[in-house]
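Visitor: Got a structure for you, questions after.
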């Protein structure tokens, strides 16, 4: 083999060595690129999972706040309804003593012949008041002869009564009133008790 051929051959094998090294380097470079891509994909997947978790938490928080807001709206609607239904309660409570006085006037005037016409006028006034109260769902509590109910009656005293079941209301000193199922004022009553044996 001549030098030229050797050189040619040597260069050829040198070039082949260089080619293999470069191929090896390129393969290593490709593998590095592949690893970097995999790392980036992993990072992106982790980031995506984190964002999905945050989105889910925000969704849950939003649903919770939406439910709270709905409850708040219902509460305010109920309060508004109560204000409309019971807004006149204070005024009506103030009028009840006036009605009591009218009833007393009728009772006392009825005892005298001279005051009967006045009693009739007062009775008309009283009936007018009671009709106005009915428009606002105000009703009297029937107490006489009923079983004592501490939710509706206020016992002033107890008395022995023959032939009356203990715990029965036997006297009413002041009428009680309800407004749309809500107690405005309890009836002031006397209640029968068991006669004491000597």
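What follows draws every value from the coordinates through simple rules; no lab data is involved. Keep in mind the model is a prediction, meaning the values are calculated, not measured.
Visitor: Once each part is reduced to its C-alpha centroid, what is the distance from segment 29-84 to segment 101-174 in angstrom?
Guide: Taking the Cα centre of segment 101-174 as reference, the centre of segment 29-84 is 65 Å away.
Visitor: Suppose the chain between residue 100 and residue 80 were pulled fully straight at 0.36 nm per residue; how much longer would it get relative to their current alpha carbon spacing?
Guide: Result: 4.1 nm gained on full extension.
Visitor: Nearest 500 deg cm²/dmol is fine: what mean residue ellipticity at 222 nm does the chain get from its DSSP H runs of n ≥ 4 alone, each adding -39,500 (n - 2.57), divided by its residue count?
Guide: Taken over the chain, the calculation gives -23500 deg cm²/dmol.
Visitor: To check you understand DSSP bridge types, tell me what percent of the beta bridges within the chain (both residues inside) are antiparallel, rounded to 5.
Guide: For the chain, the DSSP antiparallel bridge percentage is about 65.
Visitor: Equivalent-ellipsoid semi-axes (√(5λ), Cα gyration tensor) for segment 139-198, whole Å, largest first?
Guide: 24, 9, 8
Visitor: Would you mind calculating the gained length between residue 140 and residue 31 on full extension (0.36 nm times residue separation, minus the Cα-Cα distance), in nm to one decimal?
Guide: Contour length minus the Cα-Cα distance gives 29.8 nm.
Visitor: Could you tell me how many degrees, from 0 to 90 and to the nearest 10, lie between the Cα long axis of helix 116-135 and the main elongation axis, the longest principal axis, of the Cα atoms of the chain?
Guide: Here the helix axis deviates by roughly 10 degrees.
Visitor: Against the longest alpha carbon principal axis of the chain, how many degrees, from 0 to 90 and to the nearest 10, is the axis of helix 3-86 turned?
Guide: The answer is roughly 0 degrees.
Visitor: Sticking with this structure for a sec: Can you give the angle from 0 to 90° between the axis of helix 89-109 and the longest principal axis of the chain, with both taken from C-alpha atoms, to the nearest 10?
Guide: For 89-109 against the chain, the angle is about 10 degrees.
Visitor: Rounded, prolate or oblate: which fits segment 96-180, taking a ≥ b ≥ c as square roots of the Cα gyration tensor eigenvalues, rounded meaning a/c under 1.5, else prolate when a/b beats b/c?
Guide: Oblate, since a/c reaches 1.5 and b/c is not below a/b.
Visitor: Pick the calculated Kirkwood radius over Cα pairs in Å for this structure from [x] 17.8; [y] 19.5; [z] 26.3?
Guide: Identified label for the calculated read-out: [z].
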